[in-house]
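The values are calculated or read from the model by the stated rules, or taken from the named source; none is laboratory data. Just so you know, these numbers come straight off a predicted model, no measurement behind them. Here the Cβ positions follow ideal geometry from the backbone for every residue, glycine too, while neighbour counts run over all protein chains shown.
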Amino acid sequence: MRIGELSRRTGVSVPTIKFYVREGLLPAGELTSPNQASYGEAHVQRLRLIRALLDVGGLSVASIREVIVAVDDPERSVHKLLGTVSSGLVPRYAREPGAGIEEARKQVAELIVARGWRANPGSPAAEALAVALAAVEEAGHGTFAEVLDTYADAAERVARADLEYVARNVEREKLVESVVVGTVIGDAVFSALRRLAQTDTSDRMYGQAT
């Protein structure tokens, strides 16, 4: 197919497709003449992945390039591939961590060891958790850490469901796409379910809903 048809099928404009090619996110089409190139189903699938990473995952072009490199590397294990994707999905915090960040990092490292998690205490996800715990402490609610194990129990169950969903995909690009969609949309779903459960629990604990 020509670039115009590729654009119509994917909903991605021709200038944007050319931009992705220049940035190394999308392979160039096969030249059929000096001014014409042909594109195939692999380009359609790759554009779907790029849009999922960009629109759903909110990744930068640089982060998307890292994911694409990982997808195209046959030597990269699925575990490492998913790690590359997950790291890009972890929120970054612009503000400087408060004074309690080192204690919070220690707390996160101890949690990882205590639960036997095969996770790096220096990973973006661990740092995000440490920043959140430091902020809670700074707000005067350090005792919130007492429910951390309960949160971790729930996180393990959700993570297992996430990975079982991902495992349905055999092709690496579809696998990555499912991680992005599952993680980002899954966060929204879990947050909404939590709010509903809080409403129910509040009613049961503190009185009938009005």
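Selection of region 145-179 for residues being in a loop (DSSP other than H, G, I, E, B) and among the hydrophobic types (A, V, I, L, M, F, W, C) yields ALA167, VAL170. A search for C-beta distances below 6 Å between a residue of region 195-210 that is farther than 18 Å from TYR151 by Cβ and any residue that is exposed (fewer than 10 other Cβ atoms within 10 Å of the Cβ) and modelled with pLDDT under 90, counting only pairs 6+ apart in sequence or on different chains, returns ASP203/ALA209. Scanning region 1-33 for residues that are surrounded by 11 or more Cβ atoms within 10 Å (Cβ to Cβ) and among the aliphatic types (A, V, I, L, M) turns up MET1, ILE3, LEU6, VAL12, VAL14, ILE17, VAL21, LEU25, LEU26, ALA28.
With respect to (1) among the basic types (Lys, Arg); (2) more than 22 Å from SER178 (Cβ to Cβ); (3) modelled with pLDDT under 90, the lone exception for LYS80 is condition (2).
When each of LEU47, LEU53, LEU89 is tested for being touching a residue at least 60 places away in the same chain (Cβ under 8 Å) and either more than 22 Å from ALA130 (Cβ to Cβ) or of a type in the set (D, E, K, R) (or both), the lone residue that passes is LEU53.
All of ASP187, ASP153 fail the test of being farther than 29 Å from GLU75 by Cα, of a type in the set (Asp, Glu) and within 14 Å of the chain's Cα centre (by Cα), apart from ASP187. Among the residues here, ARG168 qualifies as at pLDDT 80 or above and within 30 Å of VAL44 (Cα to Cα).
Is it the case, given these coordinates, that VAL131 is surrounded by fewer than 17 Cβ atoms within 10 Å (Cβ to Cβ), under 24 Å from LEU53 (Cβ atoms) and of a type outside the set (S, T, N, Q)?
Values: surrounded by fewer than 17 Cβ atoms within 10 Å (Cβ to Cβ): no; under 24 Å from LEU53 (Cβ atoms): yes; of a type outside the set (S, T, N, Q): yes.
Against the criterion (surrounded by fewer than 17 Cβ atoms within 10 Å (Cβ to Cβ), under 24 Å from LEU53 (Cβ atoms) and of a type outside the set (S, T, N, Q)), VAL131 does not qualify.
When you scan region 180-210, how many residues do you find that are among the hydrophobic types (A, V, I, L, M, F, W, C), over 30 Å from THR84 (Cβ atoms) and either in a helix (DSSP H, G or I) or at pLDDT 85 or above (or both)? Adding up the residues that qualify gives 3.
Against the definition (closer than 22 Å to VAL71 by Cβ and in contact (Cβ under 8 Å) with a residue 12 or more places away in the chain), how does ALA125 come out, yes or no? Give the derivation first.
Numbers: closer than 22 Å to VAL71 by Cβ: yes; in contact (Cβ under 8 Å) with a residue 12 or more places away in the chain: yes.
Considered against the rule, which asks whether it is closer than 22 Å to VAL71 by Cβ and in contact (Cβ under 8 Å) with a residue 12 or more places away in the chain, ALA125 comes out as yes.
Residue count for region 24-63 under the criterion of being acidic (Asp, Glu) and farther than 23 Å from VAL90 by Cα: the result is 2.
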